[in-house]
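What follows is a single structure, written as structure tokens, with notes after it.
Derivation of every value follows stated rules applied to the coordinates shown; laboratory data play no part. Only a predicted model underlies this, so the values are computations on that prediction, with no experimental measurement involved. All Cβ positions, even for glycine, are placed from backbone atoms using ideal geometry, and neighbour counts span all protein chains on display.
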Amino acid sequence: MDANILNSFNEAKKLYEKHGIDVEDALDRLSRIKISLHCWQGDDVRGFMNRGQELSGGIAVTGSYPGRAATPNQLREDIEKAFALIPGRHKVNLHAIYADTDEQVDLDELAPRHFASWVNWAKEKGYGLDFNPTCFSHEKAKDGFTLSHPDSEIRAFWIRHGKASRKIAESFGRELGQPCVTNFWIPDGYKDTPVDRMMPRVRLMESLDDIFSEPISEEYNIDAVESKLFGIGSESYVVGSHEFYMGYALTRGKTVCFDLGHFHPTETIANKLSSWLLFGDQLLLHVSRPVRWDSDHVVTMDDELLEIARELVRGGLLDRTHIGLDFFDGTINHVAAWVIGTRNTLKALLRAMLEPVDRLKEIELEGDFTSRLALVEEFKSYPFGAIWDYYCSMAGTPVREEWLTEVKRYEREVLFTR
């Protein structure tokens with residue numbers, strides 16, 4: 001290890017230890033956190049089924065940066081490169097349209113065999129896998145409705161797809177020895193104000209009940225449901241609202257997914273976490289960065305990310321929270337986007353772990369709000385960067401911006417040659 005990195009770490013460690021903070025314990029906790037890397041950043045949400053199908057269902061990707069993955073092998077190669085630049089051992093989040101098969105199958109016919117190459121690869125590399133049914137960019141979703149569609153035959157198609165997705169996820173969990181989180185998001189809604197808000201939600205409830213009717217052990221598969229405030233084409237009404245899924249998850253024993261871009265533009269997610277986990281067993285976070293709407297920008301070290309990390313650490317909620325990324329930016333290098341977003345998420349969690357949480361709670365109970373504010377603000381400039389550099393070095397990953405040099409080399413030698 002570089003002597004400067006080690007010296008800076010030791011000096012920073014002394015500062016934190018003065019406040020009773022165990023830096024080694026924080027790094028150990030951080031090393032056990034698995035971030036689920038979303039495969040769809042690598043190819044602009046195109047997938048490998050129904051090639052040529054236009055994106056729909058409120059999904060939009062801007063930019064045409066060269067080098068996006070066009071085959072499953074290319075996508076896996078790019079993910080491996082990203083993980084080589086990110087400390088820790090993590091997971092890969094797949095959408096159903098990323099099946100690796102030469103068979104001509106539709107979404108409702110997918111089976112574990114169509115993802116065998118992904119499982120074999122993940123097993124070889126030591127990655128976990130998560131999963132998502134793909135309820136968009138399909139001819140049976142072109143009018144904006146899937147599981148709440150008034151046509152029972154179309155609903156039946158999406159119900160079959162949901163059931164197939166859970167079986168695929170179960171196989172992931174069995175094969176890889178860690179649970180697969182299967183997240184259900186649908187684009188259903190109206191562009192203009194509907195007359196009947198109730199019946200689409202009744203149909204969605206019944207469809208979900210049908211999908212989840214077969215019990216699957218959470219040792220292998222964890223079901224999550226994801227709400228949205230509005231989307232392109234569903235500006236006035238979304239069937240699967242936050243209130244709908246909160247009620248559904250609580251009454252059905254399911255996990256709720258909070259996506260940072262799926263709420264009001266000025267609404268923060270951090271304040272919701274303890275409220276949900278007071279009643280629900282687990283939580284799924286889709287970490288993104290909305291800019292005025294659900295625009296899924298690459299995650300940066302902004303106030304919202306830091307506040308979410310603090311809430312998870314201060315509330316002791318990390319063990320019950322699954323963290324995945326969800327953004328797709330086609331204007332920059334696809335691999336760099338993964339690296340930036342994941343490293344920022346981990347950095348935010350480390351910063352939260354390096355706060356004197358127990359002391360802050362004590363002085364809060366004592367009513368010493370002056371000391372609370374002073375300490376919180378002073379710790380914002382404590383040298384967490386020296387701890388992060390040490391962690392990266394110990395993990396064998398690049399320190400600071402050194403990773404960018406490797407991405408640029410990979411870009412020249414691999415991405416630009418595609």
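Of GLU307, GLU124, GLU206, which has the largest mean-square fluctuation in a 10 Å C-alpha GNM of the chain?
Evaluated over the chain, the most mobile residue of the options is GLU124.
Say R0 is 45 Å: what FRET efficiency, to the nearest 0.05, do GLU402 and THR266 get from their beta-carbon distance?
Values: r = 37 Å, r/R0 = 0.82.
It comes out at approximately 0.75.
³J(HN,Hα) across the range 225-232 via Karplus (A = 6.51, B = -1.76, C = 1.60, θ = phi - 60°), whole Hz, x for Gly/Pro?
Listing the rounded values in order: 10, 10, 8, 8, 7, 7, x, 5 Hz.
Taking 8 Å as the Cα distance limit and 6 or more residues as the minimum spacing, I'd like the relative contact order of the chain as a percentage. Write out the running numbers ahead of the final one.
On the way: 720 pairs, mean separation 84.9, N = 418.
It comes to 20 percent, rounded to a whole number.
Between the range 181-258 and the range 85-146, what is the separation of their alpha carbon centroids in Å?
Taking the Cα centre of each part, the range 181-258 and the range 85-146 sit 20 Å apart.
Would you kindly calculate the mean projected area, averaged across all directions, of the convex hull enclosing the Cα atoms of the range 33-355, in square nanometres? Don't skip to the end; give the middle numbers.
On the way: hull surface 60.1 nm².
Answer in nm², one decimal: 15.0.
Give the shape of the range 198-316 as rounded, prolate or oblate, defined through the alpha-carbon gyration tensor: a ≥ b ≥ c are the square roots of its eigenvalues, a/c under 1.5 means rounded, and otherwise the shape is prolate if a/b is larger than b/c and oblate if not. If you can, show how the numbers build up before the last one.
Working: a/c = 2.11, a/b = 1.24, b/c = 1.70.
Verdict is oblate for the range 198-316.
What value, in deg cm²/dmol to 500, does the helix sum -39500 (n - 2.57) over DSSP H runs of n ≥ 4 give at 222 nm once divided by the residues of the chain?
Working: 14 runs with 181 residues, N = 418.
After summing the helix terms and dividing by the residues of the chain, the value is -13500 deg cm²/dmol.
Which whole-number value in Å³ per residue fits the convex hull of the alpha carbons of the range 1-137? Mind showing how you got there, number by number?
Working: hull volume 23.3 nm³, N = 137.
Convex hull of Cα atoms, per residue: 170 Å³.
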